[in-house]
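Trainee: I have a structure I would like to understand better, so I am pasting it below and will then ask my questions one at a time.
The values are calculated or read from the model by the stated rules, or taken from the named source; none is laboratory data. These numbers were taken from a predicted model, which means no experiment stands behind them. Every residue, glycine as well, gets a Cβ built from its backbone with ideal geometry; the counts of neighbours run over all protein chains shown. Side chains are part of the model used for accessible areas, which takes the heavy atoms of the whole protein and leaves out ligands, DNA and RNA. Shrake-Rupley method; radii C 1.70, N 1.55, O 1.52, S 1.80 Å.
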Amino acid sequence: MKIADRVARIQPSLTLAVSAKAAKLRAQGVDVIAFGVGEPDFDTPDNIKEAAIAALARGVGKYTPVSGTADLRKAVAEELNAAHGTKHGAENVIVSVGAKHSLFNLFMALLDDGDEVIIPSPCWVSYPEIVAMAGGTPVILQTRPEDRYAFDHAALARLVTPRTRAIMLNSPCNPTGTVYGKETLRAIGRVMAANPNLLAITDDIYRRLVYGVEWHSVAKVNPEVADRVILVDGVSKSYAMTGWRIGFCAGPKELVKAMDTLQGQSTTNPSAVAQAAALAAITGPQDSVALMNAEFDRRRKVMFERLRAIPQVKLVEPEGAFYCFPDFSAYCTGKIKDDVALAEYLLEKGRVAVVPGTGFLAPGFARLSYATSMKLVEEGTARIAQALKEL
Ligand code: PMP
Ligand code: GLU
């Protein structure tokens, strides 16, 4: 079978690959602890499920408008405006099949071949690949754990060329858990002010998951360039709705219209019943979000302390999302040649699934999700400590 060249240019999603591997081992009866995929272990809150059942009962099972139902688009616009100080209406919002799909439509609508997108690294596995799928060129802005993964004006300004379309932001960050402070966001605003065509794309899927720090919106911190900030968000993480597949994008009307055209010739509308559920998630009571957050925070502290106690492991305390991103490079020597081999070793020897840092452009590191039970956090980190000791 001849497969198109475009597929060969794309790396498969490593986060999804690790989760499939762990699931396969588990099906074979191996007791694997999965710190791989970033997915809340909680069930979708009852009020959301009930809204979906009620929607089915009243006959929501037909096509909706391509960009989503009018009431969901309006609710998303209002909720995003409250968070970002923007003035979006329903016409500035398009609902898609998860935030990953929002990003796919967005880059397909924005990029011509060779257009550049600046991506601070370590970064989520899918950003460089989606940019490349759309014909763009990812330009990596390297950040360092010593700086708590922050970057300054000079580091960003240096990478801007006449081909730069956008800078990609993700705060809290997957995989580092970094939450950008106002200073970093102001540096972005200054670079945007100096480059009138430069856009910022902000993926805020983890914005409600912050622990003891405040989340800031790049649009709110830089109102003078807010009309060039494109918002990407969704319900997967905050509302434990990964499988429902609903994400959003808000931005200029022309852009949303272009994304609507692409979506109208590919997936049509996102699932009607999932849209009804997402509406209940956003507009309904938010207490389950707070409860889940409090539990993530407890697990975060335990995972962080346990990993930090392992000799030669370096780790910046995560402030948001649900990942720890330790530097295991001290253990990537001899028969373990790199972080990919180390992740394999931890799976075989320790029966713990982690995602190798290489997927996030950070060789020597590993990403561990603490969106799993406290018992498994304790047991899994103990297994890792033991497996590393044996090296
Ligand atoms: N952005 C980031 C940073 C993520 O970690 C994820 C994980 N799924 C997504 C976007 C996409 O989420 P979804 O497609 O489930 O809405
Ligand atoms: N975003 C989650 C992760 O990074 C889910 C899997 C994916 O979409 O990459 O693990």
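Trainee: Could you let me know the centre-to-centre spacing of the stretch 233-255 and the stretch 264-294, using Cα atoms, in angstrom?
Mentor: That distance is 8 Å.
Trainee: Using a/c under 1.5 as the rounded threshold, could you call the stretch 269-352 rounded, prolate or oblate? The axes a ≥ b ≥ c are square roots of the C-alpha gyration tensor eigenvalues, and prolate needs a/b larger than b/c, oblate otherwise. Please list the in-between numbers first.
Mentor: On the way: a/c = 3.68, a/b = 2.00, b/c = 1.84.
It is prolate, given that a/c is not under 1.5 and a/b is the larger ratio.
Trainee: Return the long-range amide H neighbours of ALA34 (sequence gap of 5 or more, or a different chain), with a cut-off of under 5 Å between placed amide H atoms.
Mentor: Long-range HN contacts for ALA34: ALA353.
Trainee: Here is a follow-up. Under the rule a/c < 1.5 gives rounded, and otherwise a/b versus b/c splits prolate from oblate, where does the stretch 195-261 land using the Cα gyration tensor? Write down the numbers at each step before the final one.
Mentor: Numbers: a/c = 3.58, a/b = 1.20, b/c = 2.99.
Verdict is oblate for the stretch 195-261.
Trainee: What number comes out for accessible area per residue over the stretch 143-186 if the probe is 1.4 Å? Units Å², please.
Mentor: Numbers: 1970 Å² over 44 residues.
Per residue, the stretch 143-186 has an accessible area of 45 Å².
Trainee: With every protein chain in place, what's the accessible area of SER271 (1.4 Å probe, Å², nearest 10)?
Mentor: 60
Trainee: Go through ARG299, ARG308 and list them by solvent-accessible area, largest first, probe radius 1.4 Å. If you can, show how the numbers build up before the last one.
Mentor: Numbers: ARG299 10, ARG308 120 Å².
From most accessible down to least: ARG308, ARG299.
Trainee: Multiply the residue gap between ARG158 and VAL213 by 0.36 nm, knock off their C-alpha separation, and tell me the result in nm, one decimal place.
Mentor: Values: separation 55, 0.36 × 55 = 19.80 nm, distance 2.93 nm.
Length gained, ARG158 through VAL213: 16.9 nm.
Trainee: Which ³J(HN,Hα) values, rounded to whole Hz and listed in residue order, are derived for the stretch 36-48 from phi using the Karplus coefficients 6.51, -1.76 and 1.60 in 6.51 cos²θ - 1.76 cosθ + 1.60 with θ = phi - 60°, glycine and proline given as x?
Mentor: Couplings: x, 6, x, 9, x, 7, 6, 7, 4, x, 4, 4, 6 Hz.
Trainee: Ranked by accessible surface with a 1.4 Å probe, highest first, in what order do THR137, THR164 come?
Mentor: Putting THR137, THR164 in descending order of accessible area: THR137, THR164.
Trainee: Counting each DSSP H run of 4 or more residues in the chain as -39500 (n - 2.57), what helix-only mean residue ellipticity at 222 nm follows after dividing by all residues, to the nearest 500 deg cm²/dmol? Each step should come with its number before you reach the end.
Mentor: Values: 14 runs with 161 residues, N = 391.
Only helices count here, giving -12500 deg cm²/dmol.
Trainee: Here is a further query. Which value, in Å² and to the nearest 10, is the accessible area of LEU279 when all protein chains are kept and the probe is 1.4 Å?
Mentor: 40
Trainee: Per the 1.4 Å probe, what fraction of the accessible area of the stretch 15-155, in percent, lies on carbon and sulfur atoms? Show your work: numbers first, answer last.
Mentor: Details: 3550 of 6340 Å².
It is 56 percent, rounded to a whole number.
Trainee: Modelling each spin label as a point 7 Å along the Cα-to-Cβ direction, I'd like the SER373/ASP147 distance in nm, to one decimal.
Mentor: Going by the 7 Å Cα→Cβ label model, 4.2 nm.
Trainee: With a 1.4 Å probe and all protein chains in place, put TRP215, TRP244 in order of accessible area, largest first. Walk me through the numbers before you get to the answer.
Mentor: Working: TRP215 40, TRP244 65 Å².
Ranked list, largest accessible area first: TRP244, TRP215.
Trainee: Under the classification rounded if a/c is under 1.5, otherwise prolate if a/b is larger than b/c and oblate if not, where does the stretch 108-192 fall, given a ≥ b ≥ c as square roots of the Cα gyration tensor eigenvalues?
Mentor: oblate
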